[in-house]
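One structure is given here, and the rest of the page talks about it.
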Amino acid sequence: QVQLVESGGGLVQAGGSLRLSCAASGGTFSAAAMGWYRQAPGKARELVAGISSDGRTNYGDSVKGRFTISRDNAQNRIYLQMRSLKPEDTAVYYCTAGISGDTWSLGHGSWGQGTQVTVSS
């Protein structure tokens, strides 16, 4: 079982940038798909970005062109670079591991505790 710890959240003005980080321990990090979900108050949790074990990426429609997911298998970390942030990006962001190397498996493995991102207008 992979343990996940997110960091890097905070308060930023609209148009600004933040980089989230997720540190993984246990399990076989390099073989797992990894990703970021977010949940805003009163809304369902949604996929933000995913990255497969071989580096293929996919993004939610609302963040395409603004967010970039990456992974560092040597450091057992994934990152989410967020640019051109909007107030509607405000949410708790969760790191998650898949149960296979493909991003379809995201959400079925481990979850982090979440990190708050707040974008002010």
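The values are calculated or read from the model by the stated rules, or taken from the named source; none is laboratory data. Bear in mind the structure is a predicted one, so any value in this text is a computation, not a measurement. With ideal geometry, Cβ positions are generated from the backbone for all residues, glycine too; neighbour counts draw on all protein chains shown. Side chains included, ligands, DNA and RNA excluded: accessible areas come from the protein's heavy atoms. Shrake-Rupley method; radii C 1.70, N 1.55, O 1.52, S 1.80 Å.
A few comments on the model shown:
- Accessible area of the chain belonging to carbon and sulfur atoms, whole % at 1.4 Å probe: 47
- Taking amide H as placed 1.01 Å from N in the peptide plane, the amide H of Gly114 sits under 5 Å from that of Glu6, Cys95, each at least 5 places away or on another chain.
- Computed from backbone phi, the HN-Hα couplings of the stretch 104-113 come to 4, 8, 4, x, 9, x, 6, 10, x, 7 Hz, rounded to whole numbers (Karplus: 6.51 cos²θ - 1.76 cosθ + 1.60, θ = phi - 60°; Gly and Pro given as x).
- The chain, relative contact order [Cα under 8 Å, separation at least 6], %: 36
- Size of charge dipole - the chain - debye, nearest 20, with Cβ of Lys, Arg +1 and Asp, Glu -1, no other charges: 200
- Of the residues Gly15, Ser52, Gln39, the one whose Cα sits farthest towards the positive end of the charge dipole of the chain is Gly15 (charges of +1 on Lys and Arg Cβ, -1 on Asp and Glu Cβ, taken about the Cα centre).
- The chain - accessible surface per residue (Å², probe 1.4 Å): 48
- The local environment of Tyr79, defined by Cβ-Cβ distances under 14 Å, has a net charge of +2 under the rule Lys, Arg +1 and Asp, Glu -1.
- Equivalent ellipsoid semi-axes, the stretch 1-105, via Cα gyration tensor eigenvalues times 5, rooted, Å: 23, 14, 13
- Farthest toward positive dipole pole in the stretch 22-121 [+1 Lys/Arg, -1 Asp/Glu at C-beta], among Asn73, Thr118, Ser100: Thr118
- From phi via Karplus (6.51, -1.76, 1.60), per-residue ³J(HN,Hα) for the stretch 69-77 in Hz, x at Gly/Pro: 9, 8, 9, 10, 5, 5, 9, 6, 9
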